[in-house]
Amino acid sequence: MKMKLGDSVVKSFRVAKVFRENTDRINSIDFSANGENLISASDDDSIVIYDCANEGKSKRTLNSKKYGVDHINYTHAGNTVIYSSNKVDDAIRYQSLHDNKYLRYFAGHTKRVVCLCMSPVDDSFLSGSLDKTIRLWDLRSPTCQGRMQIPGRPIASFDPEGLIFAAGINSEMIKLYDLRSFDKGPFTTFRLQQDKDCDWTSLKFSSDGKLILIATNGTVIRLIDAFHGQPLQTFMGHLNTKGLPLEASFSPDGQYVLSGSSQDGRIHVWNAENGSKTAVLNGSHPGPLQCVKFNPRYMMLASTCTNMAFWLPSVEE
Amino acid sequence: MGQPVDPLTLLKALSPMLDVTGAVIGGEEMQNIVKLMKDATKLVSRCVYLNILRVTESTEVLEQFLAYGGWSVMNAWLADAKSSENMALILEVMKLLQRLPLRIDHLKQNNTPKIVKSLSKSATCTKVKSTAANLMSTWLNIIRNASANPSNSKPKKETKVKPKLDKIPKKEKKEDKKVPVVRAPSFAKIRKTVGLRFFEEVIIYLLKPGLEPEMKKSQPKKINNKRSSIENDDNVPDKKFKTDPKHQKKILINSNIIHKNPFQSTIVTISAGFMDALNSVPTVVKRPVKRRPTKSPKTNSSNDKHSPSHTMSVSGEAIQSNSPLPPAADFGEPMDHDRTPSPVPSPTPSKPRMNKWGKPMKSVRWMDDSRLETIRYFECEEGERVNVTSQNFKDAMQRDRMSEREKLGDFHHKGDNSWKKPQLIDLPASLVEPGSNSIEKDIQKEREKTVLQEIFLSIEMVPDSPAEPDPEPYEMVPPKVIPIDDNTSIIKQL
């Protein structure tokens, strides 16, 4: 029995479980592709794996005290992850959770990595760093496959089919590259009005590949047509007074946009189509609500500050 | 009462009533001073008043002093000093008494003569003894004169006359009607608390390294300066004295008179008194520490008995006598606190641990075995009816805490029970099968077949960092450049 996602369901989401496994901010989370597991990385240098579909509990905790852990992503094996380091060096590390062992390091960035995106289809992944480069990698090789020099803070993401990738440049341009011919340059560039008072901090495609969501460290979230580059919506109303790179994300059907808030512990949900606010969900998060993500397959949400909260709809269908 | 008295402030307050030499100006001022003296409970203030009176030469003014009740004040102070065996203060009081224009009715009025007489006979300190004897003879002279000429009870200025007399005749007449009654009992208290507090303070200041040498040097002069400062200072009520290190030095000198060791010096000058007092301070040091906990004036006396030997050995060498002081004196106050409770802790851990809750607490260090055996502890079964009166407080508290924690936990883990397996979302088919083109996932699958899983039974077992990767040879190939611009691309300007 599948559940349809609609306004009434979105409005009915309530915190069903709170986990206090971490002592510092949870900086990134990722659902496994099947929606069964959730992995979190925290500034306290620990990785916590949750069972988020069946029992709703934390399964395992691993440490990465030596190198730190940020921007954690599942790879396709289901038991392997990549994440960026925030200690020692700025390498990206590929780890097997199965035997708690690093499989490979991807060295190249010379400053902190600010975005990391796994291809939805194959073994390639993208990283962007404050060293003003975007790099393209393959899990099977420690050598960098492609390197783009850009003028400012980078953001990059694959489209849901894994055929193209988008790079956000200077908080004013989105360049789309074909993965098969990225060395020929972007096949299209969208020039937008520059966000002067904030930086773009993340870029995401909707699951149908038609929309691009740009989160900022300011008080706006932008929605852009992925085919033509028109700005579609600007979402506001959530608080971000501290200039944090709060994560914004799509619902799995691309119908809603979700973002956390820096102060009031609430999740703001907007309708992607008309830009109206659908719901404000109170998660009572004590700290800035850093990450909000919708489970890609199940009707559940995860939100984080230092705590991890699992949300379930309170209405039955 | 608890406020330390700064003599300089006090002197300032009194200064309008004093002339250049520090003496009281006239009868009216004297009346005020006597009033103040009645309220003076601290050693510091008493010493200040004594010194003021001692420099007051005018017989008329001194007579006013007696008339306004100064005599009974003196009596009270003397009695007080004697009961606390404060030889220095006794000496100071007697020095003043010697200067007072007493008449026979004064002597009859209270037991001052008796006190002085007993001092002249039994005082342990020879100096006190001799001064008391001196005083006695002066007074006997007064009495003799009075009996010789009963109509004239007014003595002449015989302050300096020292005839030998043995008895106080009882048949003199009165004149002093308005001598108020001084509340004698209050002095006992003063001796114990106020005086001590003052000592501590004095000592602390004494020990301040910066102050000490300066003080030593300036001692003799200081007295004179102090005198003059008496007159120059302005009027401030007795109670609210602010302490100021600079002023404190003076207190020190002034107040030390009280503790001046009579053995030390036979020079009767004021400055000598101060010097002596300074030198003898060490002997005083222990007093506050020991006395306060016991609150007994007796302790004081016993200490006083030790003091001569101490002081003797020190023999007026201020540096020597002062230097050993600091540790003890500096901590005079804190030590007090430390010491007072010190006898308490030992019983406290053992007793309250048993009594308060009725069963032993986690630590059994303080318990003796016999006690441990007497305790019986019953585990209450769920649902069992319990005798409410037998329930001890700790159990109740524990239960309360547990239930509170449960509630709080419920609140925090909002609906821990509300978790249920989420439903699948009704979604259109995914555009691609996730990871369908991944080769690495198959590599990992193969790997997991041969590599044992790391299982950590507790969080403590988890290593700080995953194992380092196996080294693999690879050639550094410069990455392909991803151009930021492509001239062939269509740039959409929006």
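Nothing in this text is a laboratory measurement; each read-out follows from the coordinates by a stated rule. No experiment lies behind these values; they were computed from the predicted model shown. Neighbour counts run over all protein chains shown; Cβ positions are idealised from the backbone, glycine included.
Give me B:460, B:406, A:55 ranked fewest to most by other Cβ atoms within 10 Å of their Cβ, as a rough exposure proxy.
Working: B:460 6, B:406 10, A:55 13.
Ordered by Cβ neighbours within 10 Å, fewest first: B:460, B:406, A:55.
If you take each beta carbon of peptide A:66-78 and count the beta carbons of other chains within 10 angstrom, what is the mean? Show your work: numbers first, answer last.
Working: counts 5, 2, 1, 0, 0, 0, 0, 0, 2, 5, 10, 10, 5.
Counting Cβ atoms of other protein chains within 10 Å of each residue's Cβ and averaging gives 3.
In the structure shown, do any of B:82/B:129; A:196/A:242; B:95/B:129; A:101/A:293; A:11/A:293; A:242/A:277 have a Cα-Cα gap over 20 Å, and if so which?
Details: B:82/B:129 12 Å; A:196/A:242 16 Å; B:95/B:129 12 Å; A:101/A:293 27 Å; A:11/A:293 16 Å; A:242/A:277 22 Å.
Going by Cα-Cα distance, A:101/A:293; A:242/A:277 fall outside the 20 Å limit.
Can you compute the charge dipole magnitude of the stretch A:7-313 about its Cα centre, using +1 on each Lys and Arg Cβ and -1 on each Asp and Glu Cβ, nothing else charged? Give it in debye, rounded to the nearest 20.
Details: 34 positive and 32 negative charges, 88 e Å.
For this selection, approximately 420 debye.
Counting other beta carbons within 10 Å of each residue's own, what order do B:6, A:197, A:131 fall into, fewest first?
Working: B:6 24, A:197 12, A:131 16.
Arranged by neighbour count, lowest to highest, B:6, A:197, A:131 become A:197, A:131, B:6.
Would you mind telling me which residue in A:82, A:164, A:214 has the biggest mean-square fluctuation in a Gaussian network model of chain A, where springs connect alpha carbons within a distance under 10 angstrom?
A:164
What ³J(HN,Hα) values, in whole Hz, does the Karplus curve 6.51 cos²θ - 1.76 cosθ + 1.60 give for the stretch B:51-65 when θ = phi - 60°, with x put for Gly and Pro?
Working through the residues one at a time gives 5, 4, 5, 5, 8, 6, 8, 4, 4, 4, 5, 5, 5, 4, 4 Hz.
For every helix of n ≥ 4 consecutive DSSP H residues, a contribution of -39,500 (n - 2.57) applies; sum these over chain A, divide by its total residues, and give [θ] at 222 nm rounded to the nearest 500 deg cm²/dmol.
On the way: 1 runs with 5 residues, N = 317.
Rounded to the nearest 500, the figure is -500 deg cm²/dmol.
In whole Hz, with x marking every Gly and Pro, tabulate ³J(HN,Hα) for the stretch B:134-144 from phi via Karplus 6.51 cos²θ - 1.76 cosθ + 1.60, θ = phi - 60°.
Each residue of the stretch B:134-144 in turn: 4, 4, 4, 5, 4, 5, 4, 4, 4, 5, 4 Hz.
So who's got an amide H within less than 5 Å of the one on residue A:37, skipping anything under 5 residues away but keeping other chains? H placed 1.01 Å off N, in plane.
Those lying under 5 Å, H to H, from residue A:37 are A:32, A:52.
Any chance you could check the Cα centroid distance between the stretch A:77-107 and the stretch A:138-195 for me, in angstrom?
The distance from the Cα centre of the stretch A:77-107 to that of the stretch A:138-195 comes to 23 Å.
I'd like the Karplus ³J(HN,Hα) series for the stretch A:230-237: coefficients 6.51, -1.76, 1.60, θ = phi - 60°, whole numbers in Hz, and an x wherever there's a Gly or Pro.
Once θ is set to phi - 60°, the couplings for the stretch A:230-237 become 6, x, 9, 9, 10, 9, 9, x Hz.
Below 10 angstrom from the Cβ of residue B:451, what's the summed charge of the other residues (Lys, Arg +1; Asp, Glu -1)? Mind showing how you got there, number by number?
Numbers: positive: A:101, B:447, B:449; negative: A:99, B:446, B:448, B:454.
Spelling it out: positives minus negatives among the neighbours equals -1.
By the scheme Lys and Arg +1, Asp and Glu -1, what is the net charge of all other residues having a beta-carbon under 15 Å from that of residue A:270? Mind showing how you got there, number by number?
Details: positive: A:11, A:204, A:222, A:266, A:277; negative: A:7, A:247, A:253, A:273.
Local net charge: +1.
Skipping prolines and chain starts, which residues have an amide H placed within reach, meaning under 5 Å, of the one on residue A:283, given they are 5 or more residues away or on another chain?
A:266, A:267
Fewest first, what order do A:135, B:399, A:222 take by the number of other Cβ atoms within 10 Å? Let's see the in-between values first.
On the way: A:135 24, B:399 12, A:222 20.
Going from least to most buried by this count: B:399, A:222, A:135.
On average, how many beta carbons from a partner chain sit within 10 Å of the beta carbon of a residue in A:183-191?
Details: counts 5, 5, 9, 8, 4, 5, 8, 4, 4.
Average neighbour count from other chains, rounded to a whole number: 6.
For the peptides A:58-64, B:422-428, what is the packing order when you average, over each peptide's residues, the other Cβ atoms within 10 Å and list the highest mean first? Can you show the working numbers first?
Working: A:58-64: 18.7, B:422-428: 17.0.
Highest to lowest by the protection proxy: A:58-64, B:422-428.
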